[in-house]
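The values are calculated or read from the model by the stated rules, or taken from the named source; none is laboratory data. Values in this document were obtained by computation on a predicted structure and should not be read as measured data. Every residue, glycine as well, gets a Cβ built from its backbone with ideal geometry; the counts of neighbours run over all protein chains shown. Keep in mind that these areas ignore ligands, DNA and RNA; they rest on the heavy atoms of the full protein, side chains included. Shrake-Rupley method; radii C 1.70, N 1.55, O 1.52, S 1.80 Å.
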Amino acid sequence: MHKATETVLEIDLNALAQNYRYLTSKIEKSTRVMGVVKAFGYGSDSAAIAKELVALGVSYFAVAYPNEGVALRKADIETPCLVLHPLPATFKQIVDHCLEPAIYSRAMLTAFIAFAEKEGLSKYPVHLKFNTGLNRLGFLADDLDFISEKVSNTKSVKIKSMFSHLAASEDASEKVFTESQIAQFEKISEKIIDNIGYKPLRHMLNTSGVLNYPEAQYDMVRTGIGLYGFGNDPEENKHLKPVATLKTVISQIHTVNEGETVGYNRAFKATKTTQTATLPVGHADGIKRIFGNKRGWVTVHGKKAPIIGNVCMDMIMIDVTDIDCEEGDEVIVFGENPSADELSQVIATIPYELITGVSQRVKRVVCRK
Ligand SMILES: *Cc1c(COP(=O)(O)O)cnc(C)c1O
């Protein structure tokens, strides 16, 4: 393990491998894994993550936007890559980098086929996205005849896969709804297969889907958060290991006397002699301002040190009165302790938001612990 001498986001590829093995232990050997590496690999380093995932056996990637796929191509990653949320303005970028669009509406299908024909493409792989209840993106069951006719009348595209996304796969109380989404997808996808006369891949499950509904794994699963170490469930988290650790160091220690204040707006007032430490990480790095005033904490030598006063853009101050520490000592913002899961609960969010919020200012360090 590398000792921090500045603020870094450490990315542990061995944790990624462990998480991959745990998730794949829940599915058949023949089921493909699509590694979801959108948003910089959930805030980490998408190229480093993707390279390791290729070595582990992932056969597809998913990103949200074309730029994210281009970043993989620039890192010499040639694995097929689904773009979950393309727009007509990005078709050229998608095709130029051998990325594969999710097609989610009649207008998109029409526009992509027109584009593909104009470019002289043949059997360009596209993925049909169906809305089975999330009501975010996707075709509905009444679009099936339209899709089949459009696709049968062109040689420019080929349906590589069909997929849908679960709205509440982590929530046991929504089992009936989730099962109805799976049943709808089954029906829709069977009908498309009947109509077009070949069998595209099918996929439905995100991380919690893999953990809770493995019966709907079809040909492939789309795992994101689980690979990064979170299972949306305390029991599952025990089997997973956070890939990212946000570390920093103590820049300066102050002794603040009773009655003195710390930080902007004098938000912290010392009621006794207090030792404070200033850390080179702030809201511009992803430490949300709401963590200020003792809502959030960091770990110094294994001990909890609350964030005092207001979070600044580039710094936070912590209370280290009861911790034996000095300038230059390492501080854990999140990782194993505190976990991004614990910290996110404090501000009523989810680890997805916390880990993707580490800004690009923070240096990424890839390691194997
Ligand atoms: C982000 C995303 C995923 C991954 O979900 P996790 O909960 O992180 O596993 C899968 N499918 C779609 C469509 C997504 O947008």
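Structural remarks
- For the peptides 324-331, 299-306, the ranking by mean Cβ contacts within 10 Å, running from highest to lowest, is 299-306, 324-331.
- The sum of -39500 (n - 2.57) across all DSSP H runs of n ≥ 4, divided by the residue count of the chain, sets its helix-only mean residue ellipticity at 222 nm to -8500 deg cm²/dmol.
- Flagged links, alpha-carbon separation over 28 Å, of Lys129/Lys155; Lys26/Lys74; Lys26/Lys150; Lys26/Lys51; Lys238/Lys369; Lys158/Lys191: Lys26/Lys74; Lys26/Lys150
- Rg to Rh, two decimals, where segment 19-136 supplies the alpha carbon set and Rh follows Kirkwood: 0.99
- Principal axis extents of the C-alpha atoms in the chain (largest first, rounded to whole Å): 78, 42, 37.
- Sorting 258-267, 181-190 by their mean Cβ neighbour count within 10 Å, with the most densely packed peptide first, gives 181-190, 258-267.
- Cβ-based charge dipole, segment 17-65, positive-most Cα from Gly35, Tyr65, Ser46: Gly35
- Tilt relative to the chain, helix 175-196 - C-alpha long axis, 0 to 90 degrees, to 10: 40 degrees
- Note on the chain: with neighbouring protein chains present and a 1.4 Å probe, carbon and sulfur make up 50 percent of its accessible heavy-atom surface.
- Exposure ranking of His203, His239 by accessible area [1.4 Å probe, largest first]: His239, His203
- Value in Å of the Kirkwood radius, where segment 31-228 supplies the Cα pairs that are averaged: 17.0 Å
- Within segment 57-110, the ratio Rg/Rh, alpha carbon atoms throughout and Rh by Kirkwood, equals 0.97.
- Peptides 43-55, 165-177, 89-101 ranked from most to least packed give 43-55, 89-101, 165-177, packing being the mean of other C-beta atoms within 10 angstrom over each peptide's residues.
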